[in-house]
Amino acid sequence: MKIVNLMISKTWGGIEQAFLDYNNALLENGFEVLAVTDIRGQAGEKLSCHKNLEQYKIRFNQINYFLAYLLYRKFKSYRPDLIIVHNKKAIPLVRKAARRLNIKVAGVAHNPKPKRLDQCDAIISITECQKRLFAAQGIAEEKIFVVPNMIEERLPYRPPLPYKKPPVIGTMGRFDPMKGFPHLIEALSILKKEGIAFRAVIGGDDDGSYAGEKARIMQKTKSFALEDDIFFPGWIKDKNKFFEMIDIFVLPSVSEPFGIVLLEAMMHSKPIVSSDAEGPAEIFSGTKAALLYPRESPARLAEQLKMVLADTSLAEDMARNGYQLVNARYIASQAGAKLRNAVLSIVSGGEKA
């Protein structure tokens, strides 16, 4: 069975990582894959070689109807059974090319906004929460398949103790207002006022999407006199090195549809303090793998950090529970099987596998 896996963004982040994970999971489950990427993006550069993988690079423009013709010709020659689209703005153009060939299109819902997804034959939702939201907005439930994000790398469990002196608190992501980094900085200022020793690492940078957010983060750091306490290394290229550097991982997001970085933190045996944003709330529901605090509440975040810093038994229990959770639910072999079942069901038009 042949699948087109399409990603047209030019930046790098969780959605682009999910595209790569889909690629690898599809190949591991015996599908042939045509990976379509934007020639200006980073996703195509990170694709691994495989005998059943073909690459096709385009210069995406959502009003370029000649591109629709080029995609039509490529799809006609490749003859895929299904086209998976990771970027909603690409859906109309892809549908235009696919409709003439009677090829089904599945849109991956990387966030809870339903725009353009109703044009697809099926929706792949990354959480049950999003599925309920889409159904409440009138999208037929039988069109929605839940496939969580996944992680490929398998590492041995490493107890997170002893802490470094002082302990290192870390986070990473795009400098996007929704990531909530100013709230983390404010929480760290509370720790400093109370005389609690720490160092912090905030990995990431501005990708040009949110003007002024980097300046806001830096100004917040300066206003709380934390310049000597917080290290800003820029984009994290070596995640293994990042996780070796820190003792506690924090996800301070105001909004987070999923949070692949949480899977990475759990795989690296790190205790986690996270906001109760959409994705983390579902990932950690019914578990003892993390401490959750009400989003946009720096004071509560500070309280949770103090608990983890003071109670090493709690930190070790969370790290162990998180490691077991990610291996039980989110490793590529488990999540990849859900993707395989969803693809087969969408293509056949039958009941969900």
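Every read-out reported here was derived from the displayed coordinates using simple, explicitly stated rules and does not represent laboratory data. The shown structure was predicted, so the numbers you read here are calculated from the model rather than taken from an experiment. Note that we place each Cβ from the backbone using ideal geometry, even for glycine, and neighbour counts take in every protein chain shown.
A simple spin-label model places the labels of residue 119 and residue 299 4.7 nm from each other, with each point 7 Å out along Cα-to-Cβ.
Let's test the formula: R0 of 30 Å, r as the Cβ-Cβ distance of residue 310 and residue 223. What FRET efficiency results, to the nearest 0.05? So, using R0 = 30 Å, E works out to roughly 0.65. Ordering of 333-346, 157-170 by packing is 333-346, 157-170, highest average first (other Cβ atoms within 10 Å, averaged per residue).
Applying 0.36 nm per residue to the separation of residue 209 and residue 155 and subtracting their alpha-carbon distance, the gain on full extension is 16.1 nm. For the peptides 226-234, 106-114, residues were scored by their other Cβ atoms within 10 Å and the scores averaged per peptide; the highest-first order is 106-114, 226-234. Put simply, the convex hull of the Cα atoms in region 25-114 casts, on average, a shadow of 6.3 nm². Distance between the modelled labels on residue 48 and residue 62, one decimal in nanometres: 3.3 nm (7 Å Cα→Cβ projection). Taking a 26 Å limit on the Cα-Cα distance, which of the listed pairs 46/338; 46/288; 165/270 fall beyond it? Flagged as over cut-off: 46/288. Exposure proxy shown here: for 316, 142, 256, the number of other Cβ atoms within 10 Å sets the order, fewest to most, as 142, 316, 256. Segment residue 164..residue 143, full-extension length gain: 2.7 nm, with 0.36 nm per residue of separation and the alpha-carbon distance subtracted.
Temperature 37 °C, viscosity 0.692 mPa s: under these conditions the Stokes-Einstein estimate for region 168-330, based on its Kirkwood radius over C-alpha pairs, is 210 µm² per second.
Taking each DSSP H run with n ≥ 4 as -39500 (n - 2.57) and averaging over every residue of the chain yields -12000 deg cm²/dmol at 222 nm.
Over all pairs of different C-alpha atoms in the chain, the reciprocal of the mean inverse distance, the Kirkwood hydrodynamic radius, equals 21.3 Å.
Normalised size of region 105-228, defined as Cα radius of gyration per 2.2 N^0.38 Å with N residues, equals 1.47.
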